[in-house]
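Worksheet: one structure, shown below.
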Amino acid sequence: MAKHPGTASAPSSIDTLIDAVLADLEKTPKEISSVWFYDELGSLLFDSICELPEYYITRTELQIMRTHAADMARIIGGGAALIELGSGTSLKTRQLLDHLQTPHTYVPVDVSRRQLLDACRHLAHDYPRLRITPVCADFSRDFKLPSDILSARKRIIYFPGSTFGNFTHAQARHLLARLLAIIRANGSILIGIDLCKDIGILKQAYDDPVGVTAKFNINALRHINRELGADFELKNFDHAALWIDDQSRMEMHLVSKRDQIVHLGGRGVRIAYGEHLRTEYCHKYTQDSFEQFALETGLVITHAWHDPAHLFAVLMLEP
Ligand code: AVJ
């Protein structure tokens, strides 16, 4: 496979990224990893998506936390280490921190160092007695936890945002197994799950009439062009949001509007008229289907909190 003209001895990180994108474009259907959504513009576009009336997820989960965080905190009890996966601005976490009895420590885990340190600075000001141990890591891969976590009475993994749905079932099983190893015998996992619902609602949530989600999706190509020197013509792609019933998931795609060749890393990649590039999948569960899934990993649902319309659920899982 063509290499970016990196150093002769070892491929640069650009080489590695180019090879990963080329490998994704060799799949059937072609894929573009959703990690390319989140450059600065992509993060702003996602913040705008969260404000859209059609994108119910963020506001619904926040409402569940506002309504039930005291109950969740009572069940968690004092002296727990709270480990949050993909912590972002830690907005939802504040609902828990406001009610947790003397938490042992808070461990926000996020891949964005800037966002992580920014959130920690604000939290340290607002919760002066809270011990905060940030971990800059991609939680979808193995990551090291600070040693003092092991001395906490119990470990709680907080995994909000329905991000769990962005993993395939095989990846999700592997992730749950890794989380089980972290919480061990007496810990818990508090996880946000987007529930199955009317497909029309889902289609609107992932293909809003104003076109913000379309811009968010297509921006991934702009990000690749800028970072890796590719030449995707953004106007040659349409956004599409599809419901894949047998997988119980929404998929976001970019659809080629013509026969075209995209150049990347010295390679030409042919993309045919009408060909799809899959950029994200978002699995939707019923509580029963998720329960079955968790049981296979040795976890049971001990508590469930929903919004009144049952659009979304926050579930407490225990070994
Ligand atoms: C932030 C990954 C949970 O999958 O619903 C929003 C991203 N994609 N609109 C999701 C997203 C399209 C969102 N996650």
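The values are calculated or read from the model by the stated rules, or taken from the named source; none is laboratory data. Computed from a predicted structure; not experimentally measured. With ideal geometry, Cβ positions are generated from the backbone for all residues, glycine too; neighbour counts draw on all protein chains shown. Calculation scope for accessible area: heavy atoms of the full protein, side chains included, ligands and nucleic acids excluded. Shrake-Rupley method; radii C 1.70, N 1.55, O 1.52, S 1.80 Å.
Some notes on this structure:
- Accessible surface of region 168-243, 1.4 Å probe: 57 percent of it comes from carbon and sulfur atoms.
- Packing here is the average count of other Cβ atoms within 10 Å per residue, and on that basis the peptides 122-129, 12-19, highest first, run 12-19, 122-129.
- Cys50-Ser112 FRET efficiency (beta carbon distance; Förster radius 25 Å; 0.05 resolution): 0.95
- Acute angle (nearest 10 degrees) that the helix 13-25 long axis makes with the longest principal axis of the chain, alpha-carbon atoms: 80
- Spin-label model distance (nm) - Leu234 vs Ala177, 7 Å beyond Cα toward Cβ: 4.1
- Estimated dipole of the chain in Debye, rounded to 20 [Cβ of Lys and Arg +1, of Asp and Glu -1, Cα centre]: 840
- Given +1 at the Cβ of Lys and Arg, -1 at the Cβ of Asp and Glu and no other charges, the dipole of region 238-305 around its Cα centre is 480 debye to the nearest 20.
- Excluding ligands, DNA and RNA, the accessible surface per residue across region 67-119 is 39 Å² with a 1.4 Å probe.
- Within region 42-194: Cβ-based charge dipole about Cα centre, in debye rounded to nearest 20 (Lys, Arg +1; Asp, Glu -1): 620
- Of all beta bridges that DSSP places with both ends in the chain, some 60 percent have antiparallel geometry.
- Helix 57-76 and the longest principal axis of the Cα set of the chain meet at an angle near 30°.
- Summarising the label geometry, the points placed 7 Å from Cα in the beta-carbon direction at Arg129 and Thr286 lie 4.6 nm from one another.
- With Cα atoms, 0 to 90° folded angle of helix 169-183 axis to the chain main axis: 30
- Amide H to amide H distances under 5 Å link Phe167 with His283, where only residues 5 or more positions off or on other chains count and H is placed in the peptide plane.
- Pairs from the table (Lys92/Lys257; Lys27/Lys203; Lys154/Lys215; Lys203/Lys257) lying more than 32 angstrom apart at Cα are Lys92/Lys257; Lys154/Lys215.
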